[in-house]
Amino acid sequence: MLIVCCDINCKDERIHSKISFLKVFKLDSVSGVGLLKVIEGSLQSLGIQGIDDTNCYKLVEVARDGASANIASVSLKGIVKEKLPWIVWTWCIGHRIKLAIKDAFKGSAFDLIDEMLLGLYYLYEKSSKKCRELHDIFSDLKQCLQFQDGVKPIRASGLSWVSDKVAALKRLLSKYGAYTNHLAALYEDVSVKTVTV
């Protein structure tokens with residue numbers, strides 16, 4: 001999502017800021033040029049005809065995500081910086097919050113939980129045999145327990161960092177008995193060389 005902050009209606013020399021959500025467009029190309037086309041189309045809805053328009057001198061800030069199409073030298077930032085060098089570029093607030101939360105949890109018990117979630121995910125993601133065994137345990141336990149969602153642990157480190165962790169923990173807690181049962185069976189199986197979780 002691109003948010004352009006500008007005020008095209010101020011009459012004096014003072015700085016007036018206004019945040020505007022412009023429009024949602026379908027991109028023709030996911031490149032700096034394609035993104036620039038979308039921004040110029042959005043600016044037209046504010047009465048700015050193009051990036052060279054004199055009203056564009058009141059453009060103050062562009063907030064965007066960290067995709068390479070936005071931040072690389074041949075990207076949107078590189079193209080616009082060349083024409084409008086005074087513009088402030090900021091990273092998406094959602095990404096900043098995510099990274100701040102991640103840093104706040106470093107060195108806490110959450111690191112152990114994160115390591116366990118990742119280990120469980122890869123244990124079953126990389127082995128179809130272990131996944132089959134887990135399915136067998138689930139089918140046995142279904143007679144006495146009620147399960148929701150899927151069987152395999154889900155990845156806990158996607159783009160929506162906090163919600164991915166919550167979803168992975170919910171699945172782990174709802175099927176905790178089955179996972180521990182399977183891990184205990186793997187531990188006792190002498191044919192299994194090592195199991196790291």
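Annotations for the structure displayed:
- Number of the exception - ASP111 against (1) over 20 Å from the mean Cα position of the chain (by Cα); (2) at pLDDT 65 or above; (3) exposed (fewer than 12 other Cβ atoms within 10 Å of the Cβ): (1)
- When the range 108-140 is filtered for residues that are under 22 Å from ASP164 (Cα atoms), small (Gly, Ala, Ser) and part of a helix (DSSP H, G or I), the ones remaining, listed by number, are ALA109, GLY119.
- Some residue of the range 59-82 being modelled with pLDDT of 75 or more and either closer than 18 Å to THR180 by Cβ or exposed (fewer than 11 other Cβ atoms within 10 Å of the Cβ) (or both): yes
- Here GLN143 passes the criteria (1) exposed (fewer than 15 other Cβ atoms within 10 Å of the Cβ); (2) within 27 Å of VAL166 (Cβ to Cβ); (3) modelled with pLDDT under 75 except the one numbered (2).
The values are calculated or read from the model by the stated rules, or taken from the named source; none is laboratory data. It should be emphasised that the depicted structure is a prediction, and the values quoted were computed from it without experimental measurement. Cβ sites come from the backbone with ideal geometry, for glycine too, and all protein chains shown count toward neighbours.
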